[in-house]
Each structure stands twice: as C-alpha cells, then as structure tokens.
Amino acid sequence: MTRRVTQDTSRQALLTALGVVLCLTNTSCGKMADQGSQLPQAPLAPAVEIAEKPSLSGKITLTGIEASSLRKVVDVGGNPFCTGHGEIIDPSWKVAADGGLANVVVTVEGSPRASNVPATSPLVDQTHCEFVPNTLALQPGQVVRFHNSDLTFHNIRIARHQPGTSHGGENLANLAQASQGDANDETFSVPGIYRLECDVHRWMKAWIYVHDGIHSTVTAADGTYTINRSLADGSYTVKAWHPQFAEPLSQQVTISKGTATADFTFAHAKAFQL
C-alpha cells in the first residue's frame with residue numbers, strides 16, 4: 001500500500017510540474033498565470049422577485065449536416081492523465097440525431113434581474129479534462145465557483161468574447177488550479193459573453209453568457225429548452241446564441257396566458273468554418 005501511495009504521489013507531482021512548465025511557456029497564459037481576477041465590475045440594476053414558473057419553451061435545431069459528421073474525437077497528444085478517461089469529444093458541437101442543438105443560450109430582451117435566485121453558486125467543474133457544463137447562463141451579479149476535480153494541473157483563462165468572431169476577445173483573468181480540489185469564486189456583474197479556456201489542455205473550452213436579467217437558459221442535449229421564470233403577457237424579442245455562429249437568431253414572441261413557444265433553426269452553412 002505504501003508503495004502504491006508513493007507512486008501516485010510521484011505521478012501527481014510530475015503531472016503538476018509538467019502543467020506548470022506548459023503554462024509558463026505559453027505566451028497567452030505565462031504572463032497572466034496566478035494573476036487572479038480582473039473581471040470588470042459595474043453597478044447592478046435593482047432586482048425584483050420573479051416567480052419561478054415556466055413561461056417560454058421550444059427547441060433549437062441544426063440543419064444542413066448529419067449530426068454524426070460533427071462528432072470529432074480530440075487528439076490529447078498522449079496526455080497521460082486525459083487518455084485514462086476514454087475518448088474526449090470536441091465540445092464545439094453537441095447535436096442529437098434529429099438535429100437538436102445543445103448549448104444554445106436563449107434570452108428574452110428587457111429581462112430584469114431577479115432577487116430570488118438560489119443561494120448556491122453555479123459550478124463550472126474541470127473533470128476528465130473537460131469543462132462541465134460547457135455553457136452556463138447567468139444574470140449580472142451571480143457568483144460562479146470554478147473547481148478542479150482532476151488529479152492534474154489545470155488553469156482557467158477567462159476572456160471577454162468579441163461577438164461576431166470565433167475566438168476573438170480580451171483576456172481578463174487566469175486562475176491556476178494546480179491540484180485536485182482547488183477552487184475559485186468569481187463574480188460576473190457585466191453582461192456579455194465570456195470564454196473559458198485551459199492553456200494546458202487546449203481543447204478545453206466553455207462559455208458563460210451573462211444576460212441583462214433572469215430570463216435566459218441553455219438548451220439540453222436534445223435541443224429543447226424552458227425558461228422557468230414568469231413573463232407578463234405581451235410581445236418580446238427572443239434570441240438564440242451559439243458560439244459557432246457570428247450572429248444570434250431572433251424572433252418576436254407573444255406571451256399569452258403566461259406561456260409561449262419559440263423554435264429556432266440554425267443552418268450549418270452559416271457557421272464558422274474552422
């Protein structure tokens with residue numbers, strides 16, 4: 001037993017040292033490593049109580065390509081830790097057999113901030129060399145907990161994503177999480193799209209979408225969604241955003257008797273051709 005513990009400890013030390021070297025030699029993270037948070041802060045709009053009641057639902061579909069052709073296995077470069085968990089699938093596309101598109105953020109314009117939000121912070125975990133979840137929707141002022149569940153070195157580079165581009169934007173912070181169990185709490189107070197990347201494992205990418213208010217959500221694996229906050233009857237602009245497209249889709253939706261349905265269709269031909 002002692003020998004096994006010693007071997008595991010030595011292996012973790014080697015992986016951690018390797019991660020530090022990789023990060024420090026990478027120009028995008030070496031200068032920012034251990035920098036901590038420089039996320040922009042701004043005054044928050046007043047928050048009001050908004051009932052937790054389903055108001056808007058629908059499905060997002062991708063057309064113009066077979067879902068199976070978008071499934072790409074990541075080349076992890078023989079990474080000794082990441083290869084131990086089976087295949088890692090490129091997170092850029094998650095598409096069901098019928099075209100249902102996951103990880104689409106659906107928002108309602110003019111949404112206010114809610115005062116009745118869960119006390120527990122949303123979690124972005126690094127597990128099996130992937131960010132989980134891949135896409136998170138927030139209202140301004142919410143705190144996100146970043147956690148490393150892996151027995152290997154990770155870092156989280158947070159960039160303010162430049163809309164209309166595939167990977168443009170400004171680096172804001174870089175959080176080093178060298179050991180299993182490391183965690184950081186970050187407050188997102190400015191609306192916008194934030195991109196997460198790990199410089200040690202370059203395939204790792206995730207998104208945090210900070211909407212103006214509480215009426216936002218992310219589509220499930222089958223492309224369906226439900227916004228679980230009440231909306232007064234009336235006309236609203238609803239948008240659907242996916243990181244592989246330069247522009248969100250938009251439509252006018254009428255809430256009648258507290259509910260409505262809004263479906264969207266993305267055409268693969270208009271996606272970034274990476």
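The values are calculated or read from the model by the stated rules, or taken from the named source; none is laboratory data. This is a predicted model, so every value here is computed, not measured. Don't worry about glycine lacking a Cβ; one is built from the backbone with ideal geometry, like all the others, and counts go over all protein chains shown.
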Exercise. Out of curiosity, is residue 112 surrounded by 15 or more Cβ atoms within 10 Å (Cβ to Cβ) and closer than 30 Å to residue 231 by Cα?
Worked result: yes
Exercise. So how many residues does region 177-199 have that are at positive phi and either β-branched (Val, Ile, Thr) or not in a strand (DSSP E or B) (or both)?
Worked result: 1
For this session: Check whether at least one residue in region 224-233 is among the small types (Gly, Ala, Ser), at pLDDT 95 or above and assigned to a strand (DSSP E or B), and report yes or no.
Result: no
Exercise. Which number in (1) without any contact (Cβ under 8 Å) to a residue 40 or more places away in the chain; (2) touching a strand residue (DSSP E or B) at 6+ places or on another chain (Cβ under 9 Å) marks the one condition that residue 263 misses?
Worked result: (1)
Seminar exercise, completed: Log entry, pairs with first residue in region 108-124 being without any contact (Cβ under 8 Å) to a residue 60 or more places away in the chain, second being basic (Lys, Arg), beta carbons closer than 6 Å, six or more apart or on different chains, reads 123/145
Exercise. Restricting attention to region 91-118, which residues are within 20 Å of the chain's Cα centre (by Cα) and among the aliphatic types (A, V, I, L, M)?
Worked result: 95, 96, 101, 102, 104, 105, 106, 108, 117
Exercise. Mind checking which pairs have a first residue in region 181-207 that is farther than 16 Å from residue 123 by Cα and without any contact (Cβ under 8 Å) to a residue 60 or more places away in the chain and a second that is surrounded by fewer than 23 Cβ atoms within 10 Å (Cβ to Cβ) and among the aliphatic types (A, V, I, L, M), Cβ under 8 Å, 6 or more apart or different chains?
Worked result: 191/210; 192/210; 193/210
Problem set entry | Number of the exception - residue 247 against (1) part of a loop (DSSP other than H, G, I, E, B); (2) charged (D, E, K, R); (3) buried (at least 18 other Cβ atoms within 10 Å of the Cβ) | (3)
For this session: Out of 181, 223, report the one residue that is within 27 Å of residue 87 (Cβ to Cβ), small (Gly, Ala, Ser) and buried (at least 23 other Cβ atoms within 10 Å of the Cβ).
Result: 223
Problem set entry | Unmet criterion (only one of (1) outside any strand (DSSP E or B); (2) at pLDDT 95 or above; (3) buried (at least 18 other Cβ atoms within 10 Å of the Cβ); (4) of a type outside the set (D, E, K, R)) for residue 207 | (1)
For this session: Quick one: which strands (runs of 3 or more DSSP E) lie wholly within region 109-176 and hold at least 2 residues that are closer than 28 Å to residue 270 by Cβ?
Result: 130-132, 135-138, 154-161
For this session: Take residue 79 and decide whether it is polar (S, T, N, Q) and modelled with pLDDT of 50 or more.
Result: yes
